[in-house]
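Nothing in this text is a laboratory measurement; each read-out follows from the coordinates by a stated rule. None of the values given here were measured: they were computed from a predicted structure. A quick note on method: Cβ atoms are made from the backbone with ideal geometry, for glycine too, and the neighbour counts reach across all protein chains shown.
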Amino acid sequence: MSRFTVVDTPISELRVIERKLIGDERGSLTRLFCADELKMAGWTTPVAQINHTITRQKGVVRGIHFQHQPHTEAKLVSCIKGEVWDVAVDLRQGSQTFLQWYGQILSEDNLKAFVIPEGFAHGFQTLSDNCELIYLHSSQYELTAEAGLHPQDSRLAIDWVLPITAMSLRDSNHPKLSKKFLGIEI
């Protein structure tokens with residue numbers, strides 16, 4: 001019996017995972033990761049790194065981050081406390097959905113996760129105070145390969161749910177996309 005339901009999005013290979021809660025009078029159990037079961041969602045590599053973020057304030061935007069080759073990464077993103085608007089942007093060179101984005105509410109209550117394949121940028125906005133996310137990465141972070149998109153780039157036109165209350169200096173300094181940007185190779 002699978003503990004996950006895989007939901008396709010309008011963007012090829014970008015998927016939402018709906019987790020099944022098993023509970024009784026003692027409490028509950030939710031499976032966060034299973035390599036065999038997540039193959040059907042496109043997760044085919046070992047987990048190389050796990051990160052945990054805490055964002056204290058509602059309305060904060062973190063991201064939109066990605067890594068260049070040879071350090072491109074897939075991510076499995078889960079919200080374990082609070083609620084976020086999680087966004088993935090297709091940066092795959094030659095993709096039919098190049099520069100299109102898809103957003104999904106992830107929360108401790110809805111038990112959803114995002115499977116973000118290589119070639120996508122990722123960011124989120126907190127919809128409540130004190131949000132915590134767990135990220136599973138297929139590649140380790142590499143400073144020399146990191147890059148980002150400006151969260152308010154008009155070329156992306158991301159529909160942030162709330163007014164942005166804060167973002168890091170690094171994220172606010174990410175450049176807006178030039179017409180010369182053709183995407184990243186996978």
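Points to keep in mind about this one:
- Residue within region 48-58 that is under 30 Å from ILE22 (Cβ atoms), assigned to a loop (DSSP other than H, G, I, E, B), touching a Gly at 6+ places or on another chain (Cβ under 9 Å) and not small (Gly, Ala, Ser) present: no
- Looking at SER138, SER95, just one residue is of a type in the set (Ser, Thr, Tyr) and closer than 19 Å to THR45 by Cβ, and that residue is SER138.
- Residue satisfying all of: in region 43-63; small (Gly, Ala, Ser) and surrounded by 18 or more Cβ atoms within 10 Å (Cβ to Cβ); farthest from HIS174 (Cα to Cα) among these: GLY59
- Restricting the first member to region 88-103 and to residues that are farther than 15 Å from ILE116 by Cβ, and the second to residues that are of a type in the set (Gly, Ala, Ser) and buried (at least 21 other Cβ atoms within 10 Å of the Cβ), the beta-carbon pairs closer than 8 Å and six or more apart or on different chains are GLN93/GLY119.
- Of all residues in region 170-182, those being part of a loop (DSSP other than H, G, I, E, B), surrounded by 15 or more Cβ atoms within 10 Å (Cβ to Cβ) and in contact (Cβ under 8 Å) with a residue 60 or more places away in the chain number 2.
Matching residues to (1) closer than 17 Å to ALA113 by Cα; (2) within 17 Å of the chain's Cα centre (by Cα):
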| position | (1), (2) |
| --- | --- |
| THR5 | yes, no |
| THR9 | yes, yes |
| SER12 | yes, yes |
| ILE17 | yes, yes |
| GLY27 | no, no |
| THR30 | yes, no |
| PHE33 | yes, yes |
| ALA41 | yes, yes |
| ARG56 | no, no |
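- Residue that is nearest to the chain's Cα centre (by Cα) [pool: residues in region 130-169 that are loosely packed, with under 14 Cβ neighbours inside 10 Å, of a type outside the set (Asp, Glu) and more than 24 Å from GLN104 (Cα to Cα)]: GLN140
- The residues of region 106-136 that are touching a strand residue (DSSP E or B) at 6+ places or on another chain (Cβ under 7 Å), touching a residue at least 40 places away in the same chain (Cβ under 8 Å) and over 21 Å from SER168 (Cα atoms), listed by number, are LEU111, LYS112, ALA113, PHE114, VAL115, ILE116, GLY119, LEU136.
- When LEU156, LEU106, LEU99, LEU162 are screened for being assigned to a strand (DSSP E or B) and among the hydrophobic types (A, V, I, L, M, F, W, C), only LEU106 passes.
- Qualifying residue in region 21-41 (condition: surrounded by 19 or more Cβ atoms within 10 Å (Cβ to Cβ) and out of contact with any Ser or Thr (no Cβ under 9 Å at 6 or more places or on another chain)): yes
- Contacts under 9 angstrom Cβ, first residue in region 150-162 being among the hydroxyl-bearing types (Ser, Thr, Tyr), partner in a loop (DSSP other than H, G, I, E, B), 6 or more apart: SER154/LYS176
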